[in-house]
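The values are calculated or read from the model by the stated rules, or taken from the named source; none is laboratory data. Note that the structure is predicted; figures quoted are calculated from it, not measured. For neighbour counting, all protein chains shown are included, and Cβ atoms are generated from backbone atoms with ideal geometry for every residue, glycine included. Areas reflect the complete protein model, heavy atoms only, side chains present, ligands, DNA and RNA absent. Shrake-Rupley method; radii C 1.70, N 1.55, O 1.52, S 1.80 Å.
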Amino acid sequence: MKITIKNLGPLRQAEFSLGDLTIICGQNNTGKTYATYALFGFLQTWRDMLSISISEVVVDRLLTEGSTSVDVGSILTDASKILEFGCQMYSSRLPSVFAAAPERFKDSEFSVSVNLEQDLLNEKYEHRIKSATTDLFTLSKQIDSPLLQVTLLVSKGRIQIPKDAISRVITDALKEIVFGKIFPRPFIASAERTGAAIFRKELNFAKNRILEELGQKSKSIDPFDLLTKAFDDYALPVKVNVDFTRDIESIAKQSSFIAVEHPGILGDFADIIGGEYTVTRNDELYYVPKGKKIKLSMDESSSAVRSLLDIGFYLRNVAQRGDLLMVDEPELNLHPENQRRVARLFARLVHLGIKVFITTHSDYIIKELNTLIMLHQDKPHLKAIAEREGYRREELLEASGIKVYIAEEAPVMVDGGKRKIRCQTLTPADIQPDVGIEARSFDSTIEKMNQIQEEIIWADR
């Protein structure tokens, strides 16, 4: 999947692709978060952005004959146009994604190109639609069949189902069949997560807006307008992240495939935070340091414990294979040793089928990932080093599965390749199996510091 961005924040024009592990580096205010939020917003809302139409005949046949079918192949033929129109729709919604003034995004464009040559005949789809007490109808596509079959499960006179509701259910199923395997389910840990962990119970955005509006007695209030604007002040990724953090007590009742099949990863995570999170029977959240009999609330816990809170509950309770875990600055509040451990944790998730997307300023994380890339080579001395230093095979990374981009000013072709200009963009970094990632965003700074220190030490000798 390739993402193209134009006129979005500092980014004049940029392209990037998703790998098993995707990294964006760069200085502050260079567009890293803009690219991250724009991608998350699309992956979070693509089902609403893409529009598929079906004939009324399809719905009428279901209601009169009890069954109907749709040729998925015909939808796949139009998939490129459907996606193009959906990206145009999403581009127009960018102001709401970023909770910013529309004029800041009047020239912004976001587009996605994907490989739509998938073999849909090898995909099976099953879904059952229910009311409160009754199964209404099923949707299914069998392997080796291009048809989505819809079957009514109730007698025609027993229940009235609006035609537009039936049409929406069918088109949602078609979207899932054609695009569901292409666009991963995103989970984001935004840079605002540390504060959200402390004030999660107080961060009721809708309530705060209502109280604010009601406090202005001289102002006439439209209740509907008030509710629809309740979240306008907060970027979508932040809102989703805060909502997750606020709902942790109920989320804690679930179990992810990691908790069931790979509990060792949760053990590694516990080593990073030096303890574990726990939710009591009274639905109270605490952090319990390893080897101690005390329970700390989030405001009593370290900033590192708070910054990893949502990631910890994601791993233990909601992670699914095929997800895209997006972490804005995973190094927040972490000691360099724990930054190394987080890099190794990400590598293990990649091996489990979870894609990872990070923005980072951390040289420690990049250097640790470089170690994982270089140790992946099949050489006796590298195996000896890996064994001596405690690196496991499931932590090592294949260079070909990694994409790294530097947010910087660089030459870019514009106007359909007719001319080249220097502008803010995302430049692919070179990645080699024997040396890892060329992270010049950090290297130049480190080299300058080393030069100054060497001059300080040796200048008068």
May I ask you to verify whether LEU285 is open to solvent by less than 10 Å² (accessible area, probe 1.4 Å) and under 23 Å from VAL238 (Cβ atoms)? no
Only listed residue being open to solvent by less than 40 Å² (accessible area, probe 1.4 Å) and among the acidic types (Asp, Glu), chosen from GLU395, GLU438: GLU395
State yes or no: is LEU334 closer than 23 Å to GLU389 by Cα and crowded, with 21+ Cβ neighbours inside 10 Å? yes
Hey, does the range 48-60 have a residue that's touching a strand residue (DSSP E or B) at 6+ places or on another chain (Cβ under 7 Å) and within 19 Å of ALA173 (Cβ to Cβ)? yes
Restricting the range 300-320 to residues that are outside any helix (DSSP H, G or I) and within 16 Å of the chain's Cα centre (by Cα), which is surrounded by the fewest Cβ atoms within 10 Å (Cβ to Cβ)? GLN320
Can you tell me which residue among LYS383, LYS403, LYS367 is at pLDDT 95 or above, open to solvent by 40 Å² or more (accessible area, probe 1.4 Å) and either within 22 Å of ALA439 (Cα to Cα) or charged (D, E, K, R) (or both)? LYS403
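Can we say LYS355 is modelled with pLDDT of 95 or more and open to solvent by 50 Å² or more (accessible area, probe 1.4 Å)? Lay out the reasoning, then the answer.
Numbers: modelled with pLDDT of 95 or more: yes; open to solvent by 50 Å² or more (accessible area, probe 1.4 Å): yes.
Yes: the conditions hold for LYS355.
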Residue count, the range 274-289, condition out of contact with any helix residue (DSSP H, G or I) (no Cβ under 7 Å at 6 or more places or on another chain) and within 19 Å of VAL342 (Cα to Cα), comes to 3
Here is a list of conditions, (1) open to solvent by 20 Å² or more (accessible area, probe 1.4 Å); (2) outside any helix (DSSP H, G or I); (3) within 25 Å of THR278 (Cα to Cα), and LEU325 meets all of them except one; can you say which number that is? (1)
Of those in the range 159-211 that are within 22 Å of SER303 (Cα to Cα) and at pLDDT 90 or above, the residue most open to solvent (accessible area, probe 1.4 Å) is PHE187
Tell me, which helices (runs of 4 or more DSSP H) wholly within the range 333-430 include 2 or more residues that are within 22 Å of PHE442 (Cβ to Cβ)? 336-351, 363-374
Restricting attention to the range 83-121, and to residues there that are open to solvent by less than 90 Å² (accessible area, probe 1.4 Å) and polar (S, T, N, Q), which single residue is farthest from the chain's Cα centre (by Cα)? GLN118
Could you give every pair whose Cβ atoms fall below 9 Å, whose first residue belongs to the range 10-22 and is among the hydroxyl-bearing types (Ser, Thr, Tyr), and whose second residue is not in a strand (DSSP E or B), counting only separations of at least 6 or pairs across chains? SER17/MET1
If we take the range 1-120, then helices (runs of 4 or more DSSP H) inside it with 3 or more residues that are closer than 27 Å to PHE346 by Cβ are 32-49
Within the bounds of the range 17-24, is there any residue that is open to solvent by 10 Å² or more (accessible area, probe 1.4 Å), touching a Lys or Arg at 6+ places or on another chain (Cβ under 9 Å) and within 23 Å of SER108 (Cβ to Cβ)? yes
